[in-house]
Amino acid sequence: LYTLARAQQNGYAVDARLLDPAKKYASEQLRVEYNEARPEGGRSFYYTRAVLVHALALLGEKPNDYLTFLFEQRDRLSLDGRCHLLRAAALMKKSAMVTTLQTELLNKVKVAPTTAHFEDSNPQELWWCYYSTTRTTALALQALVETNTAFPLADKVVLWLMNERKLGRWRTTQENST
């Protein structure tokens, strides 16, 4: 759904016969409660919900209740999930949430003398989501740029991302597509 939403946002025609059932499925998934027996684990579960909320917001939907729920439960979200939540809150014009999420994200940056990056504190819990520090850093930079956050370390983050490339590309499809 997220990919369809981004394609439509970028001017590509997306058939409603494909999009409408996907939106319905996403809305249904937002009503599914977390169960400890789920194979992906809690942080991955909530991450996927943040992506769904972001995708629905990109399509003009307003899943306000679930946005609020995720915001209140954001300590359960991975850093990637918080990036999607920030972008969804901005699309849904939730300025207080945006300000809080921007501040919290800025507090997560890891600064070195010439570079800066973002990394999740518990990456081993995020295997279901294809976690990588490179992908997280790219998502964080994208979220900060899209929400017009004053971020003086952006150049250092870009340099870190470029340094992560090997033979002109990043390590995984997930990293390349982010």
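Worth a mention:
- Test: residue in the range 140-148 that is modelled with pLDDT under 95, open to solvent by less than 30 Å² (accessible area, probe 1.4 Å) and among the hydrophobic types (A, V, I, L, M, F, W, C): no
- The number of residues in the range 82-103 being open to solvent by less than 50 Å² (accessible area, probe 1.4 Å) and not aliphatic (A, V, I, L, M) comes to 6.
- The residue that is surrounded by the most Cβ atoms within 10 Å (Cβ to Cβ), among those in the range 42-65 that are touching a helix residue (DSSP H, G or I) at 6+ places or on another chain (Cβ under 7 Å) and charged (D, E, K, R), is R49.
- Any hit, the range 21-41, residues being open to solvent by less than 10 Å² (accessible area, probe 1.4 Å) and under 14 Å from the mean Cα position of the chain (by Cα): no
- Residue match in the range 105-126 (condition: modelled with pLDDT of 95 or more and within 17 Å of V53 (Cβ to Cβ)): yes
- Residue-level analysis places K24 among those that are free of Cβ contacts under 8 Å to residues at least 60 places away in the same chain, part of a helix (DSSP H, G or I) and more than 28 Å from T134 (Cβ to Cβ).
- From L56, L79, L101, L67, residue being at pLDDT below 95 and at negative phi: L79
- Members of the range 8-21 found to be outside any helix (DSSP H, G or I) and of a type in the set (A, V, I, L, M), listed by number: A13, V14
The values are calculated or read from the model by the stated rules, or taken from the named source; none is laboratory data. Keep in mind that what you see is a predicted model, and the values were worked out from it rather than measured. When we count neighbours, we look across all protein chains shown, and the Cβ atoms used for this are built from the backbone with ideal geometry, even at glycine. Only protein heavy atoms, including side chains, enter the accessible area calculation; ligands, DNA and RNA are left aside. Shrake-Rupley method; radii C 1.70, N 1.55, O 1.52, S 1.80 Å.
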